[in-house]
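For reference, the structure is listed below as structure tokens.
The values are calculated or read from the model by the stated rules, or taken from the named source; none is laboratory data. Bear in mind the structure is a predicted one, so any value in this text is a computation, not a measurement. For neighbour counting, all protein chains shown are included, and Cβ atoms are generated from backbone atoms with ideal geometry for every residue, glycine included. Side chains are part of the model used for accessible areas, which takes the heavy atoms of the whole protein and leaves out ligands, DNA and RNA. Shrake-Rupley method; radii C 1.70, N 1.55, O 1.52, S 1.80 Å.
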Amino acid sequence: MRQVPDVELTDACEVVADTIEQATAALLGADPVGAWRVLSAATPASRLVDWQEETIAVLVGRRRLAHRELREAIAAARAVTELERMHDLARHIAKIVRMHGESPVLPTALRQRFANMGDIAREMTLSAGCVLYYGDRGYVQTVAAAEKEMDELHRSLFPVLTTVCQDDVNRIDAGLVSQFYEQYADHAAQLAAQFAATCADKQQA
């Protein structure tokens, strides 16, 4: 039976971080080709899902349940789920870019705001991976602070949408993309917390 190694999870964090970076670049550059690359890329967590399903099935099937192993397997499965959701949200951003073709989703006045959101999302993902890789809970605080910054960028967007967006379609899509980034940050924070709990369990074992 093979548990998902920590290195596999941290590698998946790097892949997802690259995916949200590519989706942001496509958004800012009105680049449907770049958006298609995001959409056509394999989900980095798919192989990890298969491992975890097999692991949990074996553990549950034992007559004498190894509680620590099962707890670790469930924790890894939850982390994989968060990574999948984050990857899906990056794909949602890319889909909106594809729908607009070479027409920008964002007016010029909003480009820097969304560039900041993309940078925050990427750094949150990498910081979450550092929680597990280094076993350092200090990165959890870094992720939590970044989540608050993302929330503020999302909340403060809506009062300005009416004045900077030319039509309802752009207004709606800009709002949707902002919501995707905000949800991405929520999942990244959950991922960091899950990794911190995993590290705590391993230290107590």
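Got a number for carbon plus sulfur as a percent of segment 123-205's accessible area, 1.4 Å probe?
On the way: 2150 of 4220 Å².
So the carbon and sulfur contribution to the accessible surface is 51 percent.
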Hull surface divided by four, with the convex hull built on the Cα atoms of segment 87-191: how many nm²? 6.4
With θ taken as phi - 60° and the coefficients 6.51, -1.76 and 1.60, list the Karplus ³J(HN,Hα) couplings across segment 161-174 in order, rounded to whole Hz; mark glycine and proline as x. 4, 4, 7, 9, 8, 6, 8, 5, 4, 5, 5, 5, 5, 5
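Just how many % of Cα pairs in segment 146-205 lie over 15 Å apart, if you round to the nearest whole percent? Provide the component values of the computation, followed by the final result.
Values: 1056 of 1770 pairs.
Of the Cα pairs, 60 percent sit more than 15 Å apart.
Can you sort E14, E72 by solvent-accessible area, 1.4 Å probe, largest first? Walk me through the numbers on the way to the answer.
Details: E14 100, E72 45 Å².
I get E14, E72, largest accessible area first.
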Backbone HN-Hα couplings from phi across segment 124-129 [Karplus 6.51/-1.76/1.60, Hz, Gly and Pro as x]: 4, 5, 5, 5, 4, x
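Could you give the length gained by full extension between S103 and Y134, i.e. 0.36 nm per residue of separation minus their alpha carbon distance, to one decimal place?
Working: separation 31, 0.36 × 31 = 11.16 nm, distance 4.27 nm.
The span from S103 to Y134 would gain 6.9 nm if fully extended.
Mind ordering 111-124, 146-159 by average Cβ neighbours within 10 Å, highest first? Could you put the intermediate results ahead of the total?
Numbers: 111-124: 19.7, 146-159: 15.4.
Ranked by mean Cβ neighbours within 10 Å, highest first: 111-124, 146-159.
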The simple spin-label model distance between I74 and D167, using points 7 Å out along Cα→Cβ, in nm, is 5.1
Could you order the peptides 190-196, 175-181, 76-82 from most to least packed, using the average number of other C-beta atoms within 10 Å per residue? 190-196, 76-82, 175-181
Not counting ligands, DNA or RNA, and with a 1.4 Å probe, what is Y134's accessible surface area in Å² rounded to the nearest 10? 140
Determine the sum of side-chain charges near A145: Lys and Arg each +1, Asp and Glu each -1, restricted to other residues whose C-beta is under 12 angstrom from that of A145. -4
